[in-house]
Amino acid sequence: MHELGIMTDVLDTALRVCEENGGTKVTKITLKVGLMSGIIPSYVQSFFDVISNDTKASGAKLEIISDPAVFTCRKCGNTTVYDALGPEYVCKDCGSPALRMNSGYGFQIVNVGII
């Protein structure tokens, strides 16, 4: 349930952007969510809808861009990309489980739409 705390920070940021730019309403927020971040995208809009009620962001839609997990194999050096969570992660070239994660664990506000 760490999504609630994260979405509180997103709301605060969106409201600050709106205020600093003379906006009257936040209409859309684009988020980039890493596959391995532990954030469940289906929860994000629900939490946001509750905490943004009676603010300039009430009714704003969230667009979620999925950031796949990208790994480098420590054995063969090749890159493996996973677009979905799985029970295990191995190099798609050599089958080694010795992987180093390069991306796919982050969370970022990409854009805040205001009017």
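For the range 85-111, name all the residues that are open to solvent by less than 60 Å² (accessible area, probe 1.4 Å) and assigned to a loop (DSSP other than H, G, I, E, B). Once the filter is applied, which keeps residues that are open to solvent by less than 60 Å² (accessible area, probe 1.4 Å) and assigned to a loop (DSSP other than H, G, I, E, B), the range 85-111 yields 86, 89, 90, 91, 94, 95, 96, 98, 104, 106. State all residues of the range 56-79 that are within 20 Å of residue 38 (Cβ to Cβ) and open to solvent by less than 50 Å² (accessible area, probe 1.4 Å); if no residue qualifies, say none. Of everything in the range 56-79, those that are within 20 Å of residue 38 (Cβ to Cβ) and open to solvent by less than 50 Å² (accessible area, probe 1.4 Å) turn out to be 62, 67, 68, 69, 70, 71. Count of the range 15-26 residues, restricted to those that are open to solvent by 20 Å² or more (accessible area, probe 1.4 Å) and either of a type in the set (Lys, Arg) or on the phi < 0 side of the Ramachandran plot (or both), is 8. Scanning for something of a type in the set (D, E, K, R), over 14 Å from residue 6 (Cα atoms) and in contact (Cβ under 8 Å) with a residue 40 or more places away in the chain, does the range 81-96 turn up at least one residue? Yes, some residue in the range 81-96 is of a type in the set (D, E, K, R), over 14 Å from residue 6 (Cα atoms) and in contact (Cβ under 8 Å) with a residue 40 or more places away in the chain. Against the test of being under 16 Å from residue 8 (Cβ atoms), surrounded by 14 or more Cβ atoms within 10 Å (Cβ to Cβ) and in contact (Cβ under 8 Å) with a residue 60 or more places away in the chain, the options 114, 29, 51 yield a single qualifying residue, 29. Restricting the range 1-41 to residues that are of a type in the set (D, E, K, R) and under 11 Å from residue 113 (Cα atoms), the residue that is farthest from the chain's Cα centre (by Cα) is 25. Within the range 20-59, being closer than 30 Å to residue 101 by Cα, small (Gly, Ala, Ser) and part of a loop (DSSP other than H, G, I, E, B) holds for 37, 38.
The values are calculated or read from the model by the stated rules, or taken from the named source; none is laboratory data. All values reported here derive from a predicted model rather than from experimental measurement. Neighbour counts run over all protein chains shown; Cβ positions are idealised from the backbone, glycine included. Ligands, DNA and RNA are excluded from the accessible area calculation, which covers all protein heavy atoms including side chains. Shrake-Rupley method; radii C 1.70, N 1.55, O 1.52, S 1.80 Å.
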